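Working notes, beginning with the structure itself.
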Amino acid sequence: MDGYSAEFLSRARPARGVANERGRGALGLGRRGLRCKLVHAPQMVASWVNKFGWPENLMTPVALIEIACAILFAIPRTAVLGAIFVASYFGAAFASHLRVGEGGAGVVPILLAVLAWLGLYLRDERLRVLLPLRTVWREPVRMAPSSSRARDASS
């Protein structure tokens, strides 16, 4: 490869860390909060205990429940159960925000729950059959005469 092409490719590709952070999106944010709960990061402990009033010893079990919900949601066979658990988890987060008077910040968990269900709706055909978003008006289907009626009519 000539020098010009190598220089172009090195400029075209983003740095390794930048590409990884961009590709993760909300998952990266969720993992960061999860990691803070598991290692009892000081800023998470301060928010958890002082702001929300939860005991610090509940951080690890709540993080493990969060992991279990995400795993159930990721497995196609248990995705509906996982979506129910994920929505319940986010509903509890919403209630926690409301309890401390943060109605605006509580909207985020509700939006995430809606996005979880929307994602499941788009990836699972069984859910789309169960809850069709639109129906097309169809004329009633006229049944062809049964064979016994046809025989009776021809006699």
Worksheet item: To the nearest 0.05, how large is the calculated FRET efficiency for residue 131 and residue 111 if R₀ is 22 Å and r is the Cβ-Cβ distance?
Response: 0.70
Worksheet, complete the sentence: Length gained, residue 78-residue 40, 0.36 nm per residue minus C-alpha separation, equals 10.7 nm
Worksheet item: Around residue 50, what is the net charge, scoring Lys/Arg as +1 and Asp/Glu as -1 over all other residues with Cβ under 15 Å from its Cβ?
Response: 0
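Each value in this text was obtained by applying a stated rule to the coordinates, not by laboratory testing. Source: prediction; values computed, not measured. Positions of Cβ are backbone-derived with ideal geometry, glycine not excepted, and every protein chain shown enters the neighbour counts.
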